[in-house]
Amino acid sequence: MYKNKNISNFNLYSLIRDNIRKINPYLSARLENKRKENFIFLDANENSFGSTISCINSYNRYPDPLQMELKKKISELKKIPVSNIFLGNGSDEIIDLIYRIFSIPEIDNCIICPPTYGMYEIIGNIHGIRIIKIPLIKEIFQLDLKNINNVINKYSKIIFICSPNNPTGNNIKKKDIEYIITRYSGIVVIDEAYIDFSEEKSFTSKINKYPNLIVLQTLSKSWGLAGIRIGIGIASKYIIEFMNKIKYPYNINILSQEIAINALDNKDLFFFNLKNILLERKYMENSLNKISVVQKVYPSDSNFILVKIYNSSYKLYKYLIEKKIIVRDRNKIELCNNCLRITIGTHEENKYLVDNIKKFDNKYKI
């Protein structure tokens with residue numbers, strides 16, 4: 001790996017862009033004067049007469065810019081100090097901030113390992129960052145450590161690793177991830193959007209051990225809150241401070257904060273739904289493996305499965321659309337030839353899907 005062989009020599013500030021270090025952050029009215037009950041707020045150009053809709057809460061006021069009440073709930077849930085938590089408008093906002101903080105346009109590069117989440121590349125391209133692709137090892141979908149090592153240079157500021165990986169569904173070997181973290185002098189981002197569906201432990205417990213580590217999680221998947229757009233960044237307090245420094249002032253709206261707080265109080269329903277998703281995942285794996293048109297069901301640690309189809313995944317994809325079933329055709333994605341990505345639905349939805357794939361199998365016998 002590039003030069004720095006000892007993570008204890010890691011220098012965070014050397015990675016941060018000069019203009020980011022020198023920025024004086026925007027101070028919103030709610031940061032200058034913390035909200036208190038029984039105060040008259042005439043500081044933020046809000047509508048003091050209230051909202052135009054009838055509601056219990058005062059949506060004419062700006063939300064808490066640092067989402068402290070919600071962060072406290074997440075802190076309790078994940079056993080992580082509030083100072084190590086950043087909340088974004090989806091994980092995509094956090095990915096965007098990581099590029100802004102650590103990479104210099106037209107100079108630096110970022111390493112990704114396809115097939116993986118597409119926004120790592122898209123956001124990097126938006127920022128003018130060269131994207132270096134080192135594909136996962138075919139069929140087993142694990143990191144190619146030798147080739148990653150070969151391409152790293154002094155301009156390699158960020159590596160994104162998705163685990164469990166999207167679209168393959170599998171965990172990336174923990175020892176391989178730690179090998180990179182401890183031998184790489186840049187930022188390592190572990191995207192754990194699907195971690196709750198896995199038996200693997202999160203890397204969040206390692207953030208104090210590894211100063212170059214950022215872990216991404218979300219409320220969109222296992223918590224079923226994709227519509228409110230809450231992404232979670234977990235890192236050293238120094239990295240979190242820079243994220244807070246350059247984020248938009250009110251990046252999480254009041255409604256999203258309220259819904260998330262209420263949802264996190266309902267842990268019984270969370271675990272009930274999680275258990276059912278895992279049971280349905282097993283049902284889908286068993287059922288699809290019995291259908292001859294299915295060449296392979298890849299092992300999954302997530303709430304979806306990657307399924308390889310004989311001959312043409314696109315033909316099956318179009319057939320399912322006719323039956324009002326939408327899955328994701330990943331045929332054009334690297335290493336995913338003739339593959340469909342299928343999200344785990346309710347039992348009724350899953351059974352309907354399986355039944356229709358059987359009908360397709362009978363209609364187009366190999």
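Miscellaneous remarks
- Leu97 vs. criteria at pLDDT 95 or above, touching a helix residue (DSSP H, G or I) at 6+ places or on another chain (Cβ under 6 Å) and part of a loop (DSSP other than H, G, I, E, B): no
- Here Ile261 qualifies as under 24 Å from Ser91 (Cβ atoms) and touching a residue at least 12 places away in the same chain (Cβ under 8 Å).
One line per residue, one yes/no per condition, for (1) touching a helix residue (DSSP H, G or I) at 6+ places or on another chain (Cβ under 9 Å); (2) free of Cβ contacts under 8 Å to residues at least 40 places away in the same chain; (3) within 24 Å of Lys138 (Cα to Cα); (4) aromatic (Phe, Trp, Tyr):
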| site | (1), (2), (3), (4) |
| --- | --- |
| Val297 | yes, yes, yes, no |
| Val307 | yes, yes, yes, no |
| Arg328 | yes, no, yes, no |
| Asn331 | yes, yes, yes, no |
| Glu334 | no, no, yes, no |
| Leu340 | yes, yes, yes, no |
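- Of note, Ser220 does not satisfy the criterion of being under 20 Å from the mean Cα position of the chain (by Cα) and in a helix (DSSP H, G or I).
- Segment 155-175, residues that are part of a loop (DSSP other than H, G, I, E, B) and either free of Cβ contacts under 8 Å to residues at least 40 places away in the same chain or within 21 Å of Ile333 (Cβ to Cβ) (or both): Ser163, Pro164, Asn165, Asn166, Pro167, Thr168, Gly169, Asn170, Asn171, Ile172, Lys173
- Residues in segment 248-290 that are of a type in the set (Val, Ile, Thr) and crowded, with 18+ Cβ neighbours inside 10 Å were compared, and the one that is farthest from Cys339 (Cα to Cα) is Ile252.
- Some residue of segment 204-221 being free of Cβ contacts under 8 Å to residues at least 60 places away in the same chain, basic (Lys, Arg) and assigned by TED's automatic domain parsing to the domain that holds Lys73: yes
The values are calculated or read from the model by the stated rules, or taken from the named source; none is laboratory data. This one's a predicted model, so the numbers in the text were calculated from it and none came from an experiment. Virtual Cβ from ideal backbone geometry, glycine too; neighbours counted across all protein chains shown.
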